[in-house]
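A quick write-up on the structure given underneath.
Read-outs: derived from the displayed coordinates by stated rules, not from any lab. Since we're looking at a predicted model, the values are computed, not measured. Quick reminder, even Gly has a Cβ in these numbers, built from the backbone with ideal geometry, and neighbours come from all protein chains shown.
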Ligand SMILES: [Zn+2]
């Protein structure tokens, strides 16, 4: 009887947990309210962050990101879906990355963007700059965990690759996704697209990136993500960006609320540092320090030379005065 009472008392909260709470980027379910239903969203090690000079540390052990199985045959297919928060593309488990000491298996990729006319929609910012959009390629630690649902709750469970988007030349690989957006305009719609080389969505240089420990940027905000944000953005055309910003709705056909600004605000970095795989910033700092040092040496040398000349001049003028006086004396003696 007592056990039954406990079960009955526990039932409503279990149901609530299994149904999940709605969340959004604006309005009453906007991100300020996330921590009420998802406690991790108000916790530590949250993402995204602004990546800036003061929190960077060069790490010579960071190796280029290794991709395996990214060239997916057109005989296979990806499911592209509108989940009411973003456009998501399911990936195939043969796609893997290695970030020592673990292998991670790809699960899905999705995008974040702003609204028409702003070109500001990335989640991570670099030195305060927000980019036009951002792709997240989500992978789980398949050496330790059997699936993403288990892995996402563990501190070493996920590795997400972040690719910043900026406006530039037309991107034919992104077009494979963008050209399909009109057919998944409303929430819960999906479409199959033929396999392609997913590596073409990434920047060419896989050796230049920022790495830090953070979280999912949407509820439940688990702090389980090893982030790799590539230094170099990838370009899409202005027309492609506009399609991304305008083609989707976060609702069904009856409500038609446009899916825009689906990025989370920057989170405090706290005591976290961001490891960086490349040295340019560090080299620049050293070069500036050297330049400053050289300028100081030149300034001090100039000052010393000037002082020396001045003291030489004054000793010369003393000699001249003495000679003149001697001359006068000589002349006087002659008189
Ligand atoms: Zn994301």
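Listed here are the residues, each with its yes/no results for (1) touching a residue at least 24 places away in the same chain (Cβ under 8 Å); (2) within 27 Å of residue 201 (Cα to Cα).
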{"position": "37", "(1), (2)": "yes, no"}
{"position": "41", "(1), (2)": "yes, no"}
{"position": "46", "(1), (2)": "yes, yes"}
{"position": "51", "(1), (2)": "yes, yes"}
{"position": "55", "(1), (2)": "yes, no"}
{"position": "60", "(1), (2)": "no, yes"}
{"position": "63", "(1), (2)": "yes, yes"}
{"position": "68", "(1), (2)": "yes, yes"}
{"position": "77", "(1), (2)": "yes, yes"}
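Give me a count of the residues in the range 252-277 that are more than 23 Å from the chain's Cα centre (by Cα) and over 17 Å from residue 113 (Cα atoms). Give the derivation first.
Initial filter on the range 252-277 (more than 23 Å from the chain's Cα centre (by Cα)): 252-258.
Next, from what is left, pick out any that are over 17 Å from residue 113 (Cα atoms): 252-256.
So the count comes out to 5.
Taking strands (runs of 3 or more DSSP E) that fall entirely within the range 149-266, which contain at least 2 residues that are touching a helix residue (DSSP H, G or I) at 6+ places or on another chain (Cβ under 8 Å)? Break it down into steps so the answer makes sense when it comes.
Working: elements: 158-167, 190-194, 209-214, 225-230, 234-236.
Counting at least 2 such residues, we get 158-167, 190-194, 234-236.
Do any strands (runs of 3 or more DSSP E) lying entirely in the range 19-82 carry at least 1 residues that are touching a strand residue (DSSP E or B) at 6+ places or on another chain (Cβ under 9 Å) and within 27 Å of residue 259 (Cα to Cα), and which ones are they?
Numbers: elements: 56-58, 66-68, 77-82.
Of the strands (runs of 3 or more DSSP E) lying wholly inside the range 19-82, those with at least 1 residues that are touching a strand residue (DSSP E or B) at 6+ places or on another chain (Cβ under 9 Å) and within 27 Å of residue 259 (Cα to Cα) span 77-82.
Yes/no matrix, rows are residues, columns are (1) more than 24 Å from residue 246 (Cα to Cα); (2) surrounded by 16 or more Cβ atoms within 10 Å (Cβ to Cβ):
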site	(1), (2)
181	no, yes
188	no, no
202	no, yes
209	yes, yes
217	no, yes
225	yes, yes
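Considering only residues that are under 25 Å from residue 177 (Cα atoms) and touching a strand residue (DSSP E or B) at 6+ places or on another chain (Cβ under 7 Å), look in the range 207-224 and name the one that is farthest from the ligand (Cβ to nearest atom).
Out of the qualifying residues, it is 209.
Check the range 94-108 and report whether any residue there is more than 16 Å from the ligand (Cβ to nearest atom), within 15 Å of residue 160 (Cα to Cα) and not in a strand (DSSP E or B).
Yes, the range 94-108 has at least one match.
Filtering the range 130-143 down to residues that are surrounded by 14 or more Cβ atoms within 10 Å (Cβ to Cβ) and more than 14 Å from the ligand (Cβ to nearest atom), which residue is nearest to residue 88 (Cα to Cα)? Full working, then the answer.
Let us first name the residues in the range 130-143 that are surrounded by 14 or more Cβ atoms within 10 Å (Cβ to Cβ), namely 130-142.
Imposing the further condition that a residue be more than 14 Å from the ligand (Cβ to nearest atom) reduces the set to 130, 132, 140-142.
Values: 130: 22, 132: 18, 140: 16, 141: 20, 142: 21 Å.
Out of the qualifying residues, it is 140.
Can you pull out the residues in the range 109-119 that are within 16 Å of the ligand (Cβ to nearest atom) and assigned to a loop (DSSP other than H, G, I, E, B)? Before the answer, list the steps.
Residues of the range 109-119 that are within 16 Å of the ligand (Cβ to nearest atom), as a first pass: 109-114.
114 - this is the single residue of the range 109-119 that is within 16 Å of the ligand (Cβ to nearest atom) and assigned to a loop (DSSP other than H, G, I, E, B).
Restricting attention to the range 138-148, and to residues there that are in contact with a helix residue (DSSP H, G or I) (Cβ under 8 Å, 6 or more places away or on another chain) and assigned to a strand (DSSP E or B), which single residue is farthest from residue 25 (Cα to Cα)?
Out of the qualifying residues, it is 141.
Do we find that residue 154 is touching a residue at least 60 places away in the same chain (Cβ under 8 Å), within 23 Å of residue 220 (Cα to Cα), touching a strand residue (DSSP E or B) at 6+ places or on another chain (Cβ under 9 Å) and within 15 Å of the ligand (Cβ to nearest atom) in this structure? Don't jump to the end; show me each part of the working.
Values: touching a residue at least 60 places away in the same chain (Cβ under 8 Å): yes; within 23 Å of residue 220 (Cα to Cα): yes; touching a strand residue (DSSP E or B) at 6+ places or on another chain (Cβ under 9 Å): yes; within 15 Å of the ligand (Cβ to nearest atom): no.
Against the criterion (touching a residue at least 60 places away in the same chain (Cβ under 8 Å), within 23 Å of residue 220 (Cα to Cα), touching a strand residue (DSSP E or B) at 6+ places or on another chain (Cβ under 9 Å) and within 15 Å of the ligand (Cβ to nearest atom)), residue 154 does not qualify.
Yes or no: residue 127 away from the ligand (no atom under 15 Å from the Cβ) and touching a helix residue (DSSP H, G or I) at 6+ places or on another chain (Cβ under 8 Å)? It would help to see each step written out before you state the result.
Working: away from the ligand (no atom under 15 Å from the Cβ): yes; touching a helix residue (DSSP H, G or I) at 6+ places or on another chain (Cβ under 8 Å): yes.
So residue 127 fits the description; yes.
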